[in-house]
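Here is the structure we will look at.
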Amino acid sequence: MKARNKHLLQCLACLTIALAYFFLSYTPLQTELHLRPEWTCDILKTPESAAQEALLPFKLGAKGGYFTHSGKIVTIADIPYKATFSQNFFALYSENAENISVQKPNGTEAFSIKTAGFPYIQEDRIFMFAPGGSSLAFVNNTSGGVEAEWEYAAPITAFNSSPKGSIAGYADGQLTVFDQYGKKKNELFPGGSDFSIILGADISQDGIHYACVSGLDPQRFVLYRDEGNYTKIIYHEFLKVNLTRQTKVYFSKNDRYVYFDSIDELGIVDTQTAKAIHIPLTGTILDIQESPVDKSVFVLSRYQQKYYTITILEDWTRKVGQFSFEADAAFILANGNTLYVGKDNKISRLSISKS
């Protein structure tokens, strides 16, 4: 009887140890981000009516317009010289632009801008750059009238906007910040280089953080925070190689991260901790799009003019994959749980999911 009890205790002890080992060593399988193709449409097909559907903008080479979530091409336009598109408005313009017609996504005119220059549209925000590039006008998005205008001695070499303001960088290295009404609120000089120039800049959604890529020999990335009475540099780094072109700087929609282009790298800085991450990436960064699905970020880059890569990040900063293709023109657009990819005269819809 004693031997039998002893054997039972030994079995229970082994089972306990086995269960403990299982639970301590068990790691759940990681879920993965999936892109599932849903449809592909041709932008050259005859436009269709879609009165009740939301319209999304696209620009592919010498063509631009709007399409629906279901794959209907609603508006298509030939681009004579250049064009600017947003989800709210678009404008086509020539090299000698004046009396520019700003149109709604369905192709009807919203208003015209009498001021000569080159328009730039971001969402419902409309700006005009005068010939020569040293003058900036803030345009009313209802009447087309100029609400504020600023001139400067040096040409503008970088520009971006958000709902709470806009930011302009100049060839002489000055960085100027405006509020959402076009009133100048800050002037900054990143400096620290033998040659001063701003090659890329952005302002956060809340208007509190500014960032830029500036200077040559050396070149650096600088992140500022508006403290109210003064502006503070909270992060900067010298870049390994000088960029000699305009470059992408982009704040995430939640203002937590700022992304910037560097030679063969995507730089990411956490605006809360002021810590940086660098992700290898070949080519010039053209666009950055976000999806709420697993806080995913999609980065479109181009190498040697015709080789495109879409790099996929999750949780804003962790690279989980990429895919490449060859094209003469391309674009990406994230909208909710969907990624749209344009390639030459085709647009494809990919659903984004996590499983």
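The values are calculated or read from the model by the stated rules, or taken from the named source; none is laboratory data. From a predicted model like this one, the values you see are computed outputs, not experimental measurements. Because the Cβ atoms are built from the backbone with ideal geometry, glycine has one as well, and the counts that use them run over all protein chains shown. Heads up: the accessible areas ignore ligands, DNA and RNA and are worked out on the full protein's heavy atoms, side chains in. Shrake-Rupley method; radii C 1.70, N 1.55, O 1.52, S 1.80 Å.
Worth pointing out:
- Lys/Arg +1, Asp/Glu -1 at C-beta; segment 250-355 dipole; positive extreme among Val320, Tyr308, Ile285: Val320
- Cα gyration tensor shape of segment 178-327, rounded if a/c is under 1.5, else prolate or oblate by comparing a/b with b/c: oblate
- The chain: angle of helix 2-25 to the longest principal axis, Cα-based, in degrees nearest 10: 10 degrees
- For segment 260-304: rounded, prolate or oblate by the Cα gyration tensor [a/c cutoff 1.5]: oblate
- Each residue of segment 247-261 is assigned a 3J(HN,Hα), and the resulting list reads 9, 7, 10, 8, 8, 5, 5, 8, 6, 6, 10, 10, 10, 8, 7 Hz, derived from the Karplus form 6.51 cos²θ - 1.76 cosθ + 1.60 (θ = phi - 60°), x at Gly and Pro.
- Shape class of segment 305-355 from the Cα gyration tensor (axes a ≥ b ≥ c, square roots of the eigenvalues): oblate, since a/c reaches 1.5 or more and a/b does not exceed b/c.
- The gain in end-to-end length when the Lys184 to Asp328 segment is fully stretched comes to 47.9 nm, 0.36 nm per residue minus the alpha carbon separation.
- With viscosity 1.306 mPa s and temperature 10 °C, the Kirkwood radius over alpha carbon pairs of the chain converts through Stokes-Einstein to a diffusion coefficient of 70 µm²/s.
- Taking 27 Å as the straight-line reach from the Cα of Lys184, the lysines in range (excluding those fewer than 8 positions away in the same chain) are Lys114, Lys164, Lys232, Lys248, Lys253.
- Of the GluC sites (Glu not before Pro) found in segment 137-235, the ones in coil according to DSSP and having at most 12 other Cβ atoms within 10 Å of their Cβ are Glu227.
- A 1.4 Å probe run over the protein chains yields, for segment 213-253, 52 Å² of accessible area per residue, whole-number rounding.
- Calculated FRET efficiency, Asn335 to Tyr303, Cβ-Cβ distance, R0 = 41 Å: about 0.95 to the nearest 0.05.
- To put it simply, the accessible area of the chain at a 1.4 Å probe is 52 percent carbon and sulfur.
- Fully extending the segment from Ile263 to Arg245 would add 5.4 nm, taking 0.36 nm per residue of separation and subtracting the current Cα-Cα distance.
- Under 15 Å from the Thr108 label point (7 Å along Cα→beta-carbon), backbone N, segment 137-159: none
- Accessible area (Å², 1.4 Å probe, nearest 10) - His69: 60 Å²
- A crude spin-label estimate for the pair Glu149 and Ser348, with each label 7 Å from Cα along the Cβ direction, gives 4.7 nm.
- The HN-Hα couplings worked out from phi for segment 40-47 by the Karplus form 6.51 cos²θ - 1.76 cosθ + 1.60 (θ = phi - 60°) are 9, 10, 9, 6, 8, 6, 4, x Hz, whole numbers, x standing for Gly and Pro.
- Sequentially through segment 322-337, phi angles give Karplus couplings (6.51, -1.76, 1.60; θ = phi - 60°) of 6, 8, 10, 7, 10, 7, 7, 8, 7, 8, 10, 8, 9, 9, x, 9 Hz, Gly and Pro residues having no value and appearing as x.
- Histogrammed with a bin width of 5 Å, the alpha carbon distances of segment 185-239 distribute as 5, 20, 32, 23, 13, 6, 1 percent, first bin at zero.
- The label point for Ala54 and the one for Asp124, both projected 7 Å from the Cα toward the Cβ, are 1.5 nm apart.
- Residues whose amide H lies under 5 Å from that of Ser86, counting only those 5 or more places away or on a different chain, are absent; hydrogens are built 1.01 Å from N in the peptide plane.
- Computed accessible area, His236, all protein chains, 1.4 angstrom probe, square angstrom: 80 Å²
- Per-residue ellipticity at 222 nm, computed for the chain from helices alone with -39500 (n - 2.57) per DSSP H run of at least four residues, works out to -2500 deg cm²/dmol.
- In this calculation the C-beta distance from Lys253 to Thr46 is compared with R0 = 56 Å, giving a FRET efficiency of 0.95.
- FRET E, pair His278, Asp172, Förster distance 25 Å, beta-carbon r, rounded to 0.05: 0.30
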